[in-house]
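Visitor: A single structure is presented below for examination.
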Amino acid sequence: MYRSRLKGSLDRHALAYLSSMDEDASLLPYDIIGSEAHSIMLYEQGLISKDELASILEALESAKGISADELRSMKERYEDVHEALEAYVISRAGIDAGGKMHTARSRNDQVTLDLRMKVRDDITAIEYATLDLINTLLSRARECIDAIMPMYTHLQHAQIGSLSHYLLAYADMLFRDIDRLESCYSRVNLSPLGSSAIGGTSLPVNRERVASLLGFAGIVENSIDATSSRDFLLEFCSSLCMIMLDLSRMAEDMMLWSSSEFNYIELPDELTSTSSVMPQKKNPCPLELMRARASTMLGLLTAMMGIVRSLPSGYNRDLQEGKRIAIDAFKIAYDSLLMMRAIVSDLRVKRDNMLNAAEKSYAIALDVAEQLVQRGIAFRRAHRLVGALVAYAYEHNKVLRDLGIDEVMAVLDRLDEKGLAEVVSSILRDTDPATSLSRRASRGSANPTEQKRMIDAREESSREYRARISAREARLNDALTSLQESVSRFVKCM
Ligand code: ARG
């Protein structure tokens, strides 16, 4: 449609190579309403007549019914959805009216407008999916305050903990993921339209009006910035990448914990696969794919950064590749959030095995040492003493609680700490995993009362987050509904 300067039509292979029609399918709805808002502004500014506006809007409304098949057939004729939609409007409204739609606009401001509108919706969808996962983590955490288990550092038993504490940690990480997306939203939610190709236009457009018709909070002011920049996409992809990193670490824990060696949790059958040859197998395939897709996501983010790096200012066709990246990144993160939620919601917690591991563990050692500190012993002395007791117990295949007073005495004797044998022995006797948790006193610890307080607070936060996101969503919907009402009024005038 644009090739009057060029001889002949675009080579078939070149068209296929540079077409963005595949990824543009998801941009079509945004291209349509963006064009409607732009056309209404053109009319309000006296750049097109009311009749011309009505014909354009009628054509755009009918474009909402373009089927996937029709879109596929357009792929053979057009480079992208912008060209296809304009051609469609011209074919229905005629060149004199339809040919005015692209006044004071370029595909460069148009494509980033579409992307910003899509990313805006994607952020909202991801935020809701993340909140849903958080709520599931919170309700499982409430059930699991007393699900005692060893906590690991270096993958070695570290301290006694509870499953709720672990689940709450991920809820907090996911809240921060939403914070990042919310902040990103404020930079995405600005309209680039009216920038033209790079330098603005001599026609009397009203950029703020288009922005407000489309529910944007404002405009990207500088027309070079508006058409050249993709930092909003980088931010979006990097926020999604953080989500995937969180999910991938959870996935790794769950794969370990569902192994026969740990045997702490069991994944629901419906969410696992088996082997074609080993009949006994129950493979955590969704978790494995989540781990792999976190890597894919890293690749997408790196690719996006690579595209922008050293790109000359202004629009370059390289930027087209970013659309595919944003679409893929959204799909990976969204699907993974849903998958993780299903897994967390249905996994079976094998409390006895967890407790058994905690009871057999030396992860109680720090609690024992702290009991000595409570009795006035210097922490370094307590650490040395308990370390020696652990070494003895380990050699004799016992847990700390099983050490008799004679054994304690013998160990302490070697350390010149014989006078503490009585007190150490009594501490060992009355320190078990449950008391160890109830004695935790620091804020944010695994103490059951602290766990309850944290769960209550997070449930309250989650309600606040949801209310904030849905108020933002409602504001956008109000703007788009009134845009639709204006469109319908103009079309009726025809
Ligand atoms: N298909 C292009 C993209 O997705 C649209 C913008 C093309 N602009 C241009 N000047 N060639 O990025």
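Visitor: Taking the stated definitions as given, is ASP24 touching a helix residue (DSSP H, G or I) at 6+ places or on another chain (Cβ under 6 Å), open to solvent by less than 30 Å² (accessible area, probe 1.4 Å) and closer than 19 Å to LEU483 by Cα? Before the answer, list the steps.
Guide: Numbers: touching a helix residue (DSSP H, G or I) at 6+ places or on another chain (Cβ under 6 Å): yes; open to solvent by less than 30 Å² (accessible area, probe 1.4 Å): yes; closer than 19 Å to LEU483 by Cα: no.
Against the criterion (touching a helix residue (DSSP H, G or I) at 6+ places or on another chain (Cβ under 6 Å), open to solvent by less than 30 Å² (accessible area, probe 1.4 Å) and closer than 19 Å to LEU483 by Cα), ASP24 does not qualify.
Visitor: Additional query: Looking at the range 1-47, which of its residues are among the hydrophobic types (A, V, I, L, M, F, W, C), under 35 Å from the mean Cα position of the chain (by Cα) and within 16 Å of the ligand (Cβ to nearest atom)?
Guide: LEU15, ALA16, LEU18, MET21, ALA25, LEU27, LEU28, ILE32
Visitor: Got a number for residues in the range 102-146 being away from the ligand (no atom under 16 Å from the Cβ) and not basic (Lys, Arg)?
Guide: 25
Visitor: Right, ASP80: open to solvent by 40 Å² or more (accessible area, probe 1.4 Å) and either out of contact with any strand residue (DSSP E or B) (no Cβ under 7 Å at 6 or more places or on another chain) or within 21 Å of ALA467 (Cα to Cα) (or both) or not?
Guide: no
Visitor: So, in the range 360-374, how many residues would count as being in contact with a Gly (Cβ under 9 Å, 6 or more places away or on another chain) and not in a helix (DSSP H, G or I)?
Guide: Matching residues across the range 360-374 total 1.
Visitor: Surrounded by fewer than 21 Cβ atoms within 10 Å (Cβ to Cβ), over 24 Å from LEU214 (Cα atoms) and not aromatic (Phe, Trp, Tyr): which single residue out of LYS7, LYS50 fits that description?
Guide: LYS7
Visitor: Sticking with this structure for a sec: Just a yes or no: is a residue in the range 400-407 free of Cβ contacts under 8 Å to residues at least 12 places away in the same chain, away from the ligand (no atom under 16 Å from the Cβ), closer than 20 Å to ILE160 by Cα and charged (D, E, K, R)?
Guide: yes
Visitor: Contact list please: Cβ distance under 7 Å, first residue in the range 114-138 and aromatic (Phe, Trp, Tyr), second residue at pLDDT 95 or above, pairs at least six apart or on different chains.
Guide: That search, which allows pairs on different chains as well, returns TYR128/ILE469.
Visitor: Same structure again: Hey, can you tell me all the residues within the range 269-285 that are open to solvent by 30 Å² or more (accessible area, probe 1.4 Å) and in contact with a helix residue (DSSP H, G or I) (Cβ under 6 Å, 6 or more places away or on another chain)?
Guide: Across the range 269-285, the qualifying residues are LEU271, SER273.
Visitor: Go through the range 210-253 residue by residue and tally those that are buried (at least 18 other Cβ atoms within 10 Å of the Cβ) and more than 19 Å from the chain's Cα centre (by Cα).
Guide: So the count comes out to 14.
Visitor: When you go through (1) away from the ligand (no atom under 13 Å from the Cβ); (2) free of Cβ contacts under 8 Å to residues at least 24 places away in the same chain; (3) more than 29 Å from ARG489 (Cβ to Cβ) one by one for ALA68, which number turns out not to apply?
Guide: Single failed check for ALA68: (2).
Visitor: Tell me which of these ALA63 doesn't satisfy, since it passes every other one: (1) open to solvent by less than 50 Å² (accessible area, probe 1.4 Å); (2) away from the ligand (no atom under 16 Å from the Cβ); (3) within 26 Å of SER202 (Cβ to Cβ).
Guide: Going through (1) open to solvent by less than 50 Å² (accessible area, probe 1.4 Å); (2) away from the ligand (no atom under 16 Å from the Cβ); (3) within 26 Å of SER202 (Cβ to Cβ) one by one, ALA63 breaks only (3).
Visitor: If you don't mind, another one. Do the conditions hold for ARG380, that is, is it in contact with a Lys or Arg (Cβ under 9 Å, 6 or more places away or on another chain), open to solvent by 20 Å² or more (accessible area, probe 1.4 Å) and in a helix (DSSP H, G or I)? Even if it seems obvious, please write down each step before you answer.
Guide: Values: in contact with a Lys or Arg (Cβ under 9 Å, 6 or more places away or on another chain): no; open to solvent by 20 Å² or more (accessible area, probe 1.4 Å): yes; in a helix (DSSP H, G or I): yes.
Taking the combined requirement at face value, the residue does not satisfy it.
Visitor: Hey, another quick one. Checking LEU85 against (1) away from the ligand (no atom under 16 Å from the Cβ); (2) closer than 19 Å to HIS38 by Cβ; (3) not in a loop (DSSP other than H, G, I, E, B): exactly one of these is not met. Which one?
Guide: Only one criterion in (1) away from the ligand (no atom under 16 Å from the Cβ); (2) closer than 19 Å to HIS38 by Cβ; (3) not in a loop (DSSP other than H, G, I, E, B) is unmet by LEU85, namely (1).
Visitor: Still on this structure, please answer the following. State all residues of the range 421-455 that are among the aliphatic types (A, V, I, L, M) and free of Cβ contacts under 8 Å to residues at least 40 places away in the same chain; if no residue qualifies, say none. Lay out the reasoning, then the answer.
Guide: Restricting attention to the range 421-455, the residues satisfying the condition of being among the aliphatic types (A, V, I, L, M) are 421, 423-424, 427-428, 434, 437, 441, 446, 454-455.
Scanning the range 421-455 gives ALA421, ALA441.
Visitor: Oh, and also: Considering only residues that are open to solvent by 10 Å² or more (accessible area, probe 1.4 Å), within 22 Å of LEU133 (Cβ to Cβ) and in a helix (DSSP H, G or I), which ones fall in the range 337-359?
Guide: Those that are open to solvent by 10 Å² or more (accessible area, probe 1.4 Å), within 22 Å of LEU133 (Cβ to Cβ) and in a helix (DSSP H, G or I): LEU338, MET339, ARG341, ALA342, SER345, ASP346.
Visitor: Just to be sure I understand the filter: pairs with C-beta atoms under 9 Å, separated by 6 or more residues or on different chains, first member in the range 204-220 and without any contact (Cβ under 8 Å) to a residue 12 or more places away in the chain, second member outside any strand (DSSP E or B). Which pairs pass?
Guide: Pairs found: GLU208/GLY194.
Visitor: For the range 71-82, name all the residues that are more than 10 Å from the ligand (Cβ to nearest atom) and closer than 20 Å to ASP114 by Cα.
Guide: LEU71, ARG72, MET74, LYS75, listed by residue number.
Visitor: Given the conditions (1) over 21 Å from the mean Cα position of the chain (by Cα); (2) touching a residue at least 24 places away in the same chain (Cβ under 8 Å); (3) farther than 20 Å from PHE236 by Cα; (4) crowded, with 20+ Cβ neighbours inside 10 Å, which single one is not true for ASN263?
Guide: It fails just one condition, (4).
Visitor: Here is a follow-up. Restricting to the range 105-161, give me the number of residues that are crowded, with 24+ Cβ neighbours inside 10 Å and of a type in the set (Phe, Trp, Tyr).
Guide: Final tally of qualifying residues: 0.
Visitor: Go through the range 300-336 and give me each residue that's surrounded by fewer than 18 Cβ atoms within 10 Å (Cβ to Cβ), part of a helix (DSSP H, G or I) and away from the ligand (no atom under 16 Å from the Cβ).
Guide: THR302, MET305, GLY306, LYS331, ASP335
Visitor: If you don't mind, another one. Search the range 158-169 for residues that are touching a residue at least 12 places away in the same chain (Cβ under 8 Å) and pair each with any residue that is surrounded by fewer than 21 Cβ atoms within 10 Å (Cβ to Cβ) and not in a helix (DSSP H, G or I) when their beta-carbon atoms are under 6 Å apart and the residues are at least 6 apart or on different chains.
Guide: ALA158/MET151; ALA158/TYR152; GLN159/MET151; GLY161/MET151
The values are calculated or read from the model by the stated rules, or taken from the named source; none is laboratory data. Note that the structure is a prediction, hence the values are computed from the model and not measured. Neighbour counts are summed over all protein chains in view; Cβ atoms, including those assigned to glycine, are modelled from backbone coordinates with ideal geometry. Note: areas computed on protein heavy atoms with side chains; ligands, DNA, RNA excluded. Shrake-Rupley method; radii C 1.70, N 1.55, O 1.52, S 1.80 Å.
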